[in-house]
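J.: The structure's right below; bear with me while I get my questions together.
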Amino acid sequence: MNETIASALSNEEAKDILTKFVQTNTVNPPGNEKALALWIADEFKKAGIEAEVRDMGEGRANVVARIKGSGERKALLFDGHLDTVPPGNWTEDPWGAVVKDRKLYGLGASDMKGGLAAMMHVVKAIKKSGAALKGDLVFAASIDEETDSLGAWDLLKSGGLDGVGAIVIGEPNYNEITICEKGALWLKVTTHGQTSHGAMPEKGVNAVIHMNKFLDKLLQYQFQYTESPILGKPTMNIATLHGGFKTNVVPDRCELTVDIRTVPGQVHKDIIADFQRMCDEVKAEIPEFKADIEVLSDRAAVETKASDDFVRLCRDVQQDVTGRNPEPNGFMCYTDAAVFLPNTHIPLIVYGPGEQHMAHQPDEYICLDRLYESVRFYAELAEKYLID
């Protein structure tokens, strides 16, 4: 690594940034990410780095910082989200950032304030080093990944990815290289009937019974897909089922929600069409059957090929920094990559120091040694991508 960049790196500063991140409450809902976004922007400006806060209303804001290069190469984007899920039943203080046994405890420490803090520190260190960049180094921290990715959508639509040639998202994965993730398609199916007195069910139309007919079809449904060598097969979880409101009343409404996780190559609109086809088949058998389908969440499965030059570069850096060079892996859950990749096809990896098994868990922590290792990875990657 460039000696001037290496000398600008500081484990203590990376930990201090993470401490500030954790001590700032950004629980979503409601989010309240603006206070942290403003602090990040202010710290960047103090370091001589241009930074923009994009106000999203109601105490929410994205922040984008940039060190400009010569334009000889496309930009490298370090990306992450500011929000966290609500805390559960903690024994530690969720916002305490207490360090024990080389672990820093706090809400979001792993998911994913650790990765974001390491990225912020590296951007500041590269600016401090005075290194001349051949392309822009961009840092983006956005709102709302834990719900609807509103911040990622704003970054995309506002042109924040224009000129970007590669993306690293700092989500927790033990400092391994992740190149693909399953998609998520959440559907709600509602059957509609007609109430009547429970003593006279023949005068009503039972929406629960009709839902049962649909479920018979659904349980026989077979996905059309090509199995992913990393992610495997798609899955479907019948998640919730609610029908009726009183024992002596024929139910006129029944709701079913389904969580489908897809693999690259599957087309979500085709699955939705299959659900409609199953409804049509039930109606052909039961003329009074009525149902509607609502899409609750739609995030495509995405991947960057292992053969991509950027992935190869990342693996070389991982080998240099960690001495490890395992095959790239995949996420069973989704990230903001589900917003970026389908709309840009920019090479993207996920690489973050967080403990993946601690995401959304009480007493969440991050191992500080992994935090410091990620600092070295991000710094060497930026050097090889933008300087060498």
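J.: Averaged per residue, what accessible surface does region 314-379 expose to a 1.4 Å probe, in Å²?
T.: Numbers: 2380 Å² over 66 residues.
Heavy-atom accessible area per residue stands at 36 Å².
J.: Which aspartates and glutamates have a Cα less than 13 Å from the Cα of Lys182, not counting those fewer than 8 places away in the same chain?
T.: Filter leaves Glu227, Asp259, Asp298, Glu303, Asp336.
J.: Normalized C-alpha radius of gyration of region 37-173, against 2.2 N^0.38 Å? The partial results should precede the final answer.
T.: On the way: Rg = 15.6 Å, N = 137, 2.2 N^0.38 = 14.3 Å.
Relative to the 2.2 N^0.38 Å estimate, region 37-173 comes out at 1.10.
J.: How many angstrom lie between the C-alpha centres of region 1-27 and region 46-66?
T.: Result: 18 Å between the Cα centres.
J.: Rank by packing, highest mean first: peptides 276-283, 64-71, with packing defined as the count of other Cβ atoms within 10 Å averaged across residues.
T.: On the way: 276-283: 15.8, 64-71: 18.2.
Result, highest mean first: 64-71, 276-283.
J.: Once you've got the Cα coordinates, tell me which of Lys217/Lys246; Lys233/Lys269; Lys128/Lys305 are over 25 Å apart. If you can, show how the numbers build up before the last one.
T.: Values: Lys217/Lys246 27 Å; Lys233/Lys269 18 Å; Lys128/Lys305 34 Å.
Flagged as over cut-off: Lys217/Lys246; Lys128/Lys305.
J.: Going by alpha carbons, how many degrees (0 to 90, nearest 10) lie between the helix axis of 11-23 and the longest principal axis of the chain?
T.: 30 degrees
J.: Among 190-196, 235-241, what's the highest-first ranking by average C-beta atoms within 10 angstrom per residue?
T.: On the way: 190-196: 18.7, 235-241: 13.0.
Top of the packing list down: 190-196, 235-241.
J.: With axes computed from alpha carbons, what is the tilt in degrees of helix 268-285 against the longest principal axis of the chain, rounded to the nearest 10 within 0 to 90?
T.: Result, in degrees: 10.
J.: List the lysines whose Cα sits under 17 Å from the Cα of Lys103, skipping any in the same chain fewer than 8 residues away.
T.: Lys15, Lys20, Lys113
J.: Still on this model: Using the Cβ atoms and a cut-off under 12 Å, what net charge is assigned to the surroundings of Phe139, where Lys and Arg are +1 and Asp and Glu are -1? Display every interim value, and only then the final one.
T.: Numbers: positive: Arg66, Lys124, Lys127; negative: Glu43, Glu50, Glu52, Asp79, Asp136.
Combined, the nearby Lys, Arg, Asp and Glu give -2.
J.: Ranking request for peptides 141-149, 52-60: highest mean number of other beta-carbon atoms within 10 Å first, then the rest in descending order.
T.: Values: 141-149: 23.4, 52-60: 15.2.
Packing order, densest peptide first, comes out as 141-149, 52-60.
J.: Kindly work out what percent of the DSSP beta bridges joining two residues of the chain are antiparallel, to the nearest 5.
T.: DSSP beta bridges in the chain are roughly 75 percent antiparallel.
J.: Can you tell me the orientation of helix 368-386 relative to the chain, as the angle in degrees between its alpha-carbon axis and the longest Cα principal axis, to the nearest 10?
T.: 80 degrees
J.: Contact order normalised by length for region 75-165, with contacts defined as Cα pairs under 8 Å and 6 or more residues apart; what percent is it? Each step should come with its number before you reach the end.
T.: Working: 98 pairs, mean separation 39.0, N = 91.
Relative contact order of region 75-165: 43 percent.
J.: Which net charge results when you count Lys and Arg as +1 and Asp and Glu as -1 among the other residues whose beta-carbon is under 11 Å from that of Glu364? The partial results should precede the final answer.
T.: Working: positive: Lys103, Lys113; negative: Glu92, Asp111, Glu355, Asp363.
With Lys, Arg at +1 and Asp, Glu at -1, the net is -2.
J.: Let me know the Rg and Dmax you get for the chain when you use only its Cα atoms, in Å.
T.: Considering the chain through its Cα atoms, Rg and Dmax are 24.0, 84 Å.
J.: Okay, moving on. By the scheme Lys and Arg +1, Asp and Glu -1, what is the net charge of all other residues having a beta-carbon under 12 Å from that of Asn32? Don't skip to the answer; put the middle values down first.
T.: On the way: positive: Lys34, Arg60; negative: Glu33, Glu58, Asp83, Asp144.
That sum, taken over residues with Cβ under 12 Å, equals -2.
J.: With all protein chains present, how much of the accessible area of region 314-388 (probe radius 1.4 Å) comes from carbon and sulfur, to the nearest whole percent? Present the calculation step by step, with values, prior to reporting the outcome.
T.: Details: 1220 of 2660 Å².
The computed percentage sits at 46.
The values are calculated or read from the model by the stated rules, or taken from the named source; none is laboratory data. Computed from a predicted model, the values in this text were never measured in an experiment. FYI the Cβ positions are ideal-geometry reconstructions off the backbone, even for glycines, and counts take in every protein chain you see. Surface accessibility is based on the protein's heavy atoms, side chains included, excluding ligands, DNA and RNA. Shrake-Rupley method; radii C 1.70, N 1.55, O 1.52, S 1.80 Å.
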